[in-house]
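The structure appears below as structure tokens.
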């Protein structure tokens, strides 16, 4: 076995071995991540700094949720890309440590294998060693719907985690778990507040999980969707074409990142001149916490005629240019100006300039008012039936 690895800090041992500055930095990043999901990447960096790791990745236990859902430090970005691209996530030897993590809260490679096996096993030699990495420390993170692991990847040459390192892991886990619980509560509240912008007497609102299943519905959605919702929240449409289109739409909205542009709204014919319309809106990135299963909002309503493209309806109503209408949809759905600019492929300053024009034409003075306009405007070319 190699030498014992100590936590970054001084040599006094125990909790004192972590510098106060690094601990405060982790605390600040966890507090920020509770409010903004995009900050969990910073938490990964802070965990690596405390432990002397090369980087950290937040990885779901469920293989089906790996890939795009993994959050990682930039320093190990290449390693994690190889992990997904070359299928190593399907051959992750460390999965055998999941039961150990659930039982005691953390695990290391040395709970599974010895140094001799590491020298022979392809996972360590063909994947980790070639990526400049070696062993890891895994901290179990219980979340809603799935368990995750904070996988702190140690650099090449790191030895067995020392006793000072091991004794600090339970406290680190408690700190992360507290932040996760707070983030879950904030996410649920934030998503419901954001989704309320889309509500109306004629609209059903359903919150979708990352798998496209219904998590929660308002009363209007329950009334409209009752014949189509199966066990587990799956939407089952009798029309095969509409079913395929809806699967494509919800998959695009729930993807990470959401596909842009999204597919058009889906129409399900119920009777001559009577349609059920489905539109999906991805949650803003700041609300898409890894520890929350929520990913998008499904807006359902009765329509008397075919549904127009949303940006066309906006453009016609407020005399917006096509580019202004698309930006208004992004901003009105809760997306930040910077994120909307990225989706449209324009500069941030260009987006700000267009937003000023949008406010002038629509009469909105802030993002919440624009969201209300976007939610209330009829996205059909005809009247809506209640």
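Side notes on the structure shown:
- All conditions in (1) surrounded by fewer than 17 Cβ atoms within 10 Å (Cβ to Cβ); (2) in contact with a strand residue (DSSP E or B) (Cβ under 9 Å, 6 or more places away or on another chain); (3) over 25 Å from residue 256 (Cβ atoms) hold for residue 165, with the sole exception of (1).
- Options 244, 259: the member that is more than 30 Å from residue 40 (Cβ to Cβ) and surrounded by fewer than 20 Cβ atoms within 10 Å (Cβ to Cβ): 244
- Residue list for region 76-100, filter: in contact with a helix residue (DSSP H, G or I) (Cβ under 9 Å, 6 or more places away or on another chain), touching a residue at least 40 places away in the same chain (Cβ under 8 Å) and part of a helix (DSSP H, G or I): 76, 78, 79, 82, 83, 94, 97
- Of all residues assigned to region 105-127, at least one qualifies as being assigned to a helix (DSSP H, G or I) and within 30 Å of residue 211 (Cβ to Cβ).
- Answer residue from region 92-117, given it is under 24 Å from the mean Cα position of the chain (by Cα) and surrounded by fewer than 16 Cβ atoms within 10 Å (Cβ to Cβ) and is farthest from residue 56 (Cα to Cα) among those: 102
- In region 282-314, residue nearest to residue 248 (Cα to Cα) [restricted to those that are at pLDDT below 80 and assigned to a helix (DSSP H, G or I)]: 310
- For region 33-43, a residue qualifies if it is over 14 Å from residue 180 (Cβ atoms) and more than 12 Å from the chain's Cα centre (by Cα), and exactly one does: 42.
- Residue 26 being modelled with pLDDT of 90 or more, buried (at least 17 other Cβ atoms within 10 Å of the Cβ), outside the structural domain of residue 285 (by TED's automatic domain parsing) and over 23 Å from residue 175 (Cα atoms): no
The values are calculated or read from the model by the stated rules, or taken from the named source; none is laboratory data. The model shown is predicted, which means the values in this text are computed figures rather than measured ones. No Cβ is skipped: glycine too gets one built from the backbone with ideal geometry, and neighbour counts run over all protein chains shown.
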